[in-house]
Amino acid sequence: NMVSSFRVSELQVLLGFAGRNKSGRKHDLLMRALHLLKSGCSPAVQIKIRELYRRRYPRTIEGLTDLSAIKPPVFNLDSSSSPVEPDLAVAGIHPLPSTLVTSQSPSSPVSSVLLQDTKPHFEMQQPSPPIPPVHPDVQLKSLPFYDVLDVLIKPTSLVQSSIQRFQEKFFIFALTPQQVREICISRDFLPGGRRDYTVQVQLRLCLAETSCPQEDNYPNSLCIKVNGKLFPLPGYAPPPKNGIEQKRPGRPLNITSLVRLSSAVPNQISISWASEIGKNYSMSVYLVRQLTSAMLLQRLKMKGIRNPDHSRALIKEKLTADPDSEIATTSLRVSLMCPLGKMRLTIPCRAVTCTHLQCFDAALYLQMNEKKPTWICPVCDKKAAYESLILDGLFMEILNECSDVDEIKFQEDGSWCPMRPKKEAVKVSSPQCTKIESSSVVSKPCSVTVTNEVKKKVDVIDLTIESSSDEEEDPPAKRKCIFMSETQGSPTKGVLMYQPSTVRVPSVTTVDAAAIPPTLTDYPVPFHHPPMSGISSDLPG
């Protein structure tokens with residue numbers, strides 16, 4: 001139990017002291033240390049473990065004076081006889097953890113402690129299984145879309161009470177009349193159109209690690225009840241992988257809907273979870289105010305705009321020739337389009353942790369993180385937290401000065417110039433196309449246009465002759481495609497005409513031009529030519 005509560009640094013010291021390999025992840029280090037214990041370690045290693053544990057959890061008798069008013073002068077601190085429920089935390093008065101009330105000498109199980117004010121004698125028995133502190137010094141990562149108004153339950157360890165796999169703990173908190181009033185008057189329309197409280201009671205769970213600020217992290221098989229009612233966890237649990245249940249992604253939990261909004265009645269939270277070797281979790285409850293992306297954007301603008309000289313210095317640094325490199329970058333092309341919405345930037349923004357010059361739109365970035373908070377830069381895919389965002393003054397100037405370009409180029413001296421599309425690409429430069437325009441072309445969709453430059457004769461093969469009966473004969477001669485001369489004054493001038501074979505042509509009387517009404521003869525449509533007698537009878541239909 002002592003070894004299980006160690007951090008990475010203590011595990012490395014212990015394994016190094018025992019002459020074992022001290023590299024790897026915390027889980028591997030813990031398995032190695034537990035194996036060292038089970039295989040029978042020397043007394044020196046056991047002394048080292050106790051020394052590291054005392055350094056990790058220093059023994060204090062702080063808080064005993066507070067309990068002397070409600071306890072008899074002499075009492076026995078034992079897990080079975082303690083009258084105070086160790087899992088309850090009511091309105092800031094928390095029970096005394098057994099790890100904090102221990103004897104001064106670790107070797108003697110019973111000792112008397114003398115207090116200065118009332119001088120009572122305390123008989124204390126050292127518990128055999130050491131447990132993590134009730135209130136570890138855990139810091140949670142701040143959430144940009146929530147302002148913390150008050151702490152209802154400070155970070156408290158989810159301590160195992162038995163050796164069974166599934167554990168359950170109860171916590172109690174009470175609201176003050178002022179807190180109840182703040183929640184009740186905050187009912188408003190949130191993003192998405194739903195009406196809810198903007199001041200909320202928020203439950204957060206994380207690993208009980210004190211090395212750095214912790215992200216929200218759920219234990220396995222988590223189940224939460226608030227005042228006896230089951231709280232549905234948000235999102236969907238990922239499907240099992242290889243028969244193993246996958247953990248849900250951690251996020252803060254808004255339990256306001258199940259909280260009794262009264263200062264007279266306390267609220268109870270029940271948390272059950274599956275214990276894991278080497279992993280201790282912590283829970284905490286806060287009163288928070290939910291913010292919108294528009295509020296965060298306003299705060300970002302109030303931080304001010306970064307001086308354009310910062311960006312110019314960054315450009316010069318990027319374009320400075322490296323004497324060791326054979327390749328020199330002389331210019332940088334940057335887009336004025338947002339990589340998120342593919343639209344022109346309105347509020348150019350980037351993180352100070354990013355090394356690129358390309359900006360993204362601040363309003364769109366905040367709106368996307370309001371729906372799903374990932375805080376990942378859309379340009380380089382690295383972390384871009386809200387606290388590290390800045391508005392780029394140089395891009396602000398560029399967007400104001402040129403409104404008709406979507407891309408710019410930075411020079412070595414920090415200056416820039418717009419990248420306009422070449423006009424030559426729009427104009428037609430081919431001489432052939434000009435000749436086509438100058439030649440007479442029939443403006444009907446069914447016509448085929450030709451120019452002076454096209455060859456006068458094209459070889460075509462007549463596919464109308466049957467080849468089954470004339471297999472032994474010579475192949476049929478190639479027919480010629482005859483073009484109309486340009487001097488012919490007909491409406492089909494410049495139209496490709498098809499001259500079919502004259503073999504097996506039935507006698508069809510040609511329509512007299514006098515019989516056609518004048519309105520039809522004047523109508524310049526190419527399908528009046530050739531006459532019906534010119535069409536081969538072998539053509540289907």
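The values are calculated or read from the model by the stated rules, or taken from the named source; none is laboratory data. Source: prediction; values computed, not measured. Glycine also receives a Cβ, built like all others from the backbone with ideal geometry; neighbour counts cover every protein chain displayed. In case anyone asks, the SASA skips ligands and DNA or RNA and just uses the protein heavy atoms, side chains included. Shrake-Rupley method; radii C 1.70, N 1.55, O 1.52, S 1.80 Å.
Just name the residue that is farthest from the chain's Cα centre (by Cα) out of those in the stretch 284-318 that are under 19 Å from residue 370 (Cα atoms) and open to solvent by less than 60 Å² (accessible area, probe 1.4 Å). Let's see the steps before the verdict.
Of the residues in the stretch 284-318, the ones under 19 Å from residue 370 (Cα atoms) are 288-301.
So of that shortlist, the ones also open to solvent by less than 60 Å² (accessible area, probe 1.4 Å) come out as 288, 290-293, 296-297, 300.
Numbers: 288: 24, 290: 20, 291: 19, 292: 18, 293: 16, 296: 18, 297: 19, 300: 20 Å.
Within the stretch 284-318, the match that is farthest from the chain's Cα centre (by Cα) is 288.
So which of 144, 177, 155, 129 ends up being surrounded by fewer than 13 Cβ atoms within 10 Å (Cβ to Cβ) and at pLDDT 90 or above? Give the derivation first.
On the way: 144 fails: surrounded by fewer than 13 Cβ atoms within 10 Å (Cβ to Cβ); 155 fails: surrounded by fewer than 13 Cβ atoms within 10 Å (Cβ to Cβ); 129 fails: at pLDDT 90 or above.
Exactly one of 144, 177, 155, 129 is surrounded by fewer than 13 Cβ atoms within 10 Å (Cβ to Cβ) and at pLDDT 90 or above, namely 177.
Out of 285, 334, report the one residue that is assigned by the TED database to the domain that holds residue 404 and part of a strand (DSSP E or B). If you could, list the steps in order and put the result at the bottom.
On the way: 285 fails: assigned by the TED database to the domain that holds residue 404.
None of the other options fit; the residue is 334.
Tally the residues that are open to solvent by 100 Å² or more (accessible area, probe 1.4 Å) and part of a loop (DSSP other than H, G, I, E, B), restricting the search to the stretch 228-238.
Here is the first cut: in the stretch 228-238, the residues open to solvent by 100 Å² or more (accessible area, probe 1.4 Å) are 229-230, 236.
Imposing the further condition that a residue be part of a loop (DSSP other than H, G, I, E, B) reduces the set to 236.
Looking only at that region, the number is 1.
Among (1) farther than 17 Å from residue 301 by Cβ; (2) buried (at least 16 other Cβ atoms within 10 Å of the Cβ), where does residue 374 come up short?
If we test residue 374 against (1) farther than 17 Å from residue 301 by Cβ; (2) buried (at least 16 other Cβ atoms within 10 Å of the Cβ), just (2) comes out false.
Here are the criteria: (1) at pLDDT below 90; (2) closer than 18 Å to residue 397 by Cα; (3) part of a helix (DSSP H, G or I). Tell me which single one residue 301 does not satisfy.
So residue 301 meets the others, but not (1).
Given the criteria out of contact with any helix residue (DSSP H, G or I) (no Cβ under 6 Å at 6 or more places or on another chain), part of a strand (DSSP E or B), under 28 Å from residue 262 (Cα atoms) and hydrophobic (A, V, I, L, M, F, W, C), does residue 149 qualify?
Values: out of contact with any helix residue (DSSP H, G or I) (no Cβ under 6 Å at 6 or more places or on another chain): yes; part of a strand (DSSP E or B): yes; under 28 Å from residue 262 (Cα atoms): yes; hydrophobic (A, V, I, L, M, F, W, C): yes.
Here the answer is yes, as residue 149 does meet what is asked.
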